[in-house]
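Below is one structure, written out as structure tokens; comments come after it.
The values are calculated or read from the model by the stated rules, or taken from the named source; none is laboratory data. Note that the structure is predicted; figures quoted are calculated from it, not measured. Cβ sites come from the backbone with ideal geometry, for glycine too, and all protein chains shown count toward neighbours. The area values use the complete protein model at the heavy-atom level, side chains included, leaving out ligands, DNA and RNA. Shrake-Rupley method; radii C 1.70, N 1.55, O 1.52, S 1.80 Å.
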Amino acid sequence: MEYEAIIGLEIHVQSKTESKMFCSCSTEFGAPPNSQVCPVCLGLPGALPVLNEKVVEQAVKAALVLNCDVLKVSSFDKKIYFYPDLPKGYQISQYYQPLAKSGYVDIKVKNKRRRVRIRHLHMEEDVGKLIHQKGMSLVDFNRASLPLIEIVAEPDIRSSEEAGEFLMCLRSNLRYAGVSECNMEEGSLRCDANVSLRPLGTRKLYTKTEVKNMNSFKHVMKAIEYEIKRQKRSVKKGEAAVLHTRCWDPERGVTVPMRGKAPAPCISHSDLGPVILDEEFIASLRSQLPELPLDRSERFIQQYGIPASDASILTSSKELADYYEECVKLYKKPKVIANWIMSDLLRELKEKDIGIRECKVSPEHLAEMITLIDKGSISGKMAKDVFVEMFETGEKASQIVKEKGLAQISDKEALVKIVDKTLQENPKVVEDYKKGKEKALGYLVGQVMKETKGRANPKLVNKLLEKKLK
Amino acid sequence: MKLNELTAHEIRELIRKGEVSSEEVTKSVFERIEKVEKKINSFVTLTKEEALREARSVDEKIRKKKKISPLAGVPIAIKDNMCIDGVLTTCSSKILENFRSPYDATVIKRLKANDLVFIGKTNMDEFAMGSSTENSAFEITHNPWDLEAIPGGSSGGSAATIASDEAILALGSDTGGSIRQPASLCGVVGLKPTYGRVSRYGLIAFASSLDQIGPITKDVRDSALLMNVISGYDERDSTSCNYPVPDYTESLISDVKGVKIGVPKEYFVKGMDEEVEKSVKDAIGLLEKLGAKVEEVFLPHTEYALATYCLIVSTEASTDLAYYDGVGYGYRAQSRNLDEMYQNTREKGFGDEVKRRIMLGTYVFSHYDYYLKAQKVRTLVKEDFDKVFEKCDCLITPTSPTPAFKIGEKMDDPLRMYFPDIFTVPANLAGIPGISIPCGFTKKGLPVGLQILAKPFAEETILRVAYSYEQNTGWHRRRPAICDSQ
Ligand SMILES: [Zn+2]
């Protein structure tokens, strides 16, 4: 029998705010343990939570970019369980009335657009961090009560590839909206996968396993692949599926059973009133949202006539896409700009491990540099070096060309002298050429270029040599 | 008359005129404590040194002619479920035996800003769960009118300390009657404000949707003065209301002419003490004579209030008490592993009544329909009041169906223990304000209390009626003879 995999993802995203969810403690990453705490986030007796409005704004933005219906009234609940990283004995979450419902993310796999539905999206607080050392367990509560957004997707995903694509789309949407960095390695995005199998063509859902402990998109995909294979083997052996939790072991590339948490009972939180959002508030947040990556990519293809693959790279982050569009405004050949950004700019950024925001080459500078090539002031090849220099120093191309004397020598008289000199110095090569060795010309061009430290206009040199050698 | 026997407003006059110092008042209070505290056990923690230091600094301010607030220099006792920076805050529970709060509750901040002098933390039923103060993990508080009787609860320590003149003012908290019922049983004044009137930030929760801090005082004027200090919006408490705070002393007018008083039929029930019933009816008669319009009214859902309260309170308590796990602070039992730590800590740290309510609450929230149903009935109870307050300015009822019972009498009957709350609980469910004032004594000499209820934020109506009654009677001036007869 053929089986298909049914995959549902549950994602937690740390949303960007200056202060924590229910108190004014800083959310800054990397502070000394327990230095960003107060009676509220430490769960001291008597302290009361007060909802940070920014947290709601961020969650609503997330809901909007994931095409969810934002509910006018939602509320907070206490999710009760005991664990040392949980200071109050319960986590504040939204269980009975989540912030938003019924969203979706459109993904493109093998050039086909597919829709992954989102069941609901809600706000909840993060827990502290356990540190195990010297036989002791220590707790750092700096992370406790940081704002999280939980996104529960419907089991619409059918392969690890789709899961990867879904996560990428979700991430770029949330990044576009400025909601979160969504960095899995740093923990600002966490993802669990529910995986089950069912005979192809049937509708019923079967017993699933929940897979945890993946710390990158790649590992999410690998874990899902492994889990599908494992379940297929298990079905073949006739074993009954059991609902349980499994832990991804990245070293061995396998999932192993782990102790799952019993579902925690929830009860409404009476210290926090309902979250009531009016149409105006939602509309004002909606108006602040940027064009989303998939739409923008399609517009780029239409408007700038660049290939889909280019558009997809250029819209991978909002900042990069903004940069590209700035450049296109200044220089009207979109494909040429795309090439420079994709090859040279992205390479340098990657090498220096910095983002486009920290890049010293402004769109104006890039446009000016390309204009210099068009004018013949520098060669395309030389421009590559000029670009590296621009990237390092932040100077304009024309400035660098001037300072380093890199301007292309297109001055005929100046070149004639050098050509003559080269011919005199290489009588044997000249002879070879005259005997019919075409390659000899190349050598002579090379010598002229060497003499001018690459600044000679190669086309002109060629022309001059051919003329002289006739 | 000794200084400690005076009311806050009397002391305020003396301090203002420069006739006594805060230090003298504070000393007289501690002299009294030394004399009677062994018999009463009102306090779990005394902060004499800090109090005297604070009193002297207030006196210094007065000497320097600095502007001071009306209650500056007046000694106050605080129920041990309100956090004071650097002071033990135990909720009379073993699990918080060693908990020294690193911050001030909002009410404490307000009292500090008004230069009141903290003399100590008063005993209570553990986590405010009880109506007799017998559920304290540390000691049993005795009723100053009969040392073998309970003072009521859960703010029994605060009520007893006022009745025995060990303090001038006190704060209590009221979840189902915990201010009004002990005030009634100890013959003092206890006011539960509207839910949201006084910030709960720093009040250790028993049941968050019902808890409210309020004054316990010797007379109505003192309650009004203390309300002026503690009331008001607090951005740290999402449930506190941003509703203007009047000067409550302005409502102290001895005139009830035209005031419409409702007497709910459901508050005169079988099983209630005859003497209590008579005292309350006499009081109503007096108010009518003074010009109030009295009529019988109906609150048909009253009979479900207590059961509803039990469900809600246990459910909220079981989650509000999830804080205490032995990890961050408080008592931690020795254990071999994590699960055991939780189990042992909570088993040994909590008393029986607390565990009973946690278990009941855990059962309820795992059967969420019960909780939802209880919330629906709560709405019905509230609607009863809304309807009645369309035609009445206030309601008058007994505070407690019986006077103080003997210590130990009902400890073995947990359900019976809720009986004293039947008249006070509905106000918490509805979030409305209520006061208990003395309205007589039984033949055995035990105080009887009268409860006045009004619609949300109508504390002024309550204070006016209470003040009028008080001015026309003298019950509040009677004092127990602790040292002489017992
Ligand atoms: Zn904090």
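Counted over the protein assembly as shown with a bin width of 10 Å, the fraction of Cα pairs per bin, in whole percents, is 2, 10, 16, 17, 14, 11, 9, 8, 5, 3, 2, 2, 1, 0, 0. Across the accessible surface of segment B:42-94, with the other protein chains kept in place and a 1.4 Å probe, carbon and sulfur atoms take up 52 percent. Note: relative contact order over chain B, using C-alpha pairs below 8 Å and six or more positions apart, is 18 percent.
Electrostatic bookkeeping for B:Tyr371 treats Lys and Arg as +1 and Asp and Glu as -1; over the other residues with beta carbon under 11 Å from its beta carbon, the sum is +1.
For segment A:70-149 versus segment B:213-290, the inter-centroid distance based on Cα atoms is 45 Å.
Dividing the summed helix terms, -39500 (n - 2.57) for each DSSP H run of n ≥ 4, by the number of residues in the protein assembly as shown produces a 222 nm estimate of -12000 deg cm²/dmol to the nearest 500. Against the criterion of solvent-accessible heavy-atom surface with a 1.4 angstrom probe, B:Asp125, B:Asp282, A:Asp249, A:Asp353 sort, most first, into A:Asp353, B:Asp282, A:Asp249, B:Asp125. Distance distribution note for segment A:3-284: the fraction of Cα pairs above 24 angstrom is 53%. Summing charges over neighbours of A:His269, with a neighbour being any other residue whose Cβ is under 12 Å away from its Cβ, gives -3 when K and R count +1 and D and E count -1.
Per residue of B:317-323, what is the mean number of Cβ atoms on other protein chains within 10 angstrom of that residue's Cβ? Don't skip to the end; give the middle numbers.
Working: counts 0, 4, 13, 7, 2, 9, 9.
That average works out to 6.
Highest mean packing first, where packing is the average number of other Cβ atoms within 10 Å per residue, the peptides A:329-339, B:217-227 line up as B:217-227, A:329-339. If you plug the beta carbon distance of A:Lys435 and A:Ala308 into 1/(1 + (r/R0)^6) with R0 = 51 Å, you get a FRET efficiency near 0.50. Between A:Leu346 and A:Lys463, the contour length at 0.36 nm per residue exceeds the Cα-Cα span by 38.5 nm. For the peptides B:99-107, A:28-36, A:215-223, the ranking by packing is B:99-107, A:215-223, A:28-36, with the highest mean count of neighbouring Cβ atoms within 10 Å listed first.
Positive contributions from Lys and Arg (+1) and negative ones from Asp and Glu (-1), summed over other residues with Cβ under 10 Å from the Cβ of B:Pro193, come out at 0. Where both residues lie in the protein assembly as shown, what percent of DSSP beta bridges are antiparallel, nearest 5? Bridges in the protein assembly as shown are about 80 percent antiparallel. Of the residues making up segment B:228-254, those losing 50 Å² or more of accessible area when the isolated chain is joined by the remaining protein chains, with a 1.4 Å probe, are B:Ser238.
Quantify how strongly other chains surround peptide A:47-59 by giving the mean number of their Cβ atoms within 10 Å of each of its Cβ atoms. Intermediate values should be presented prior to the final figure.
Details: counts 10, 14, 3, 6, 1, 0, 0, 0, 0, 0, 0, 0, 0.
Average neighbour count from other chains, rounded to a whole number: 3.
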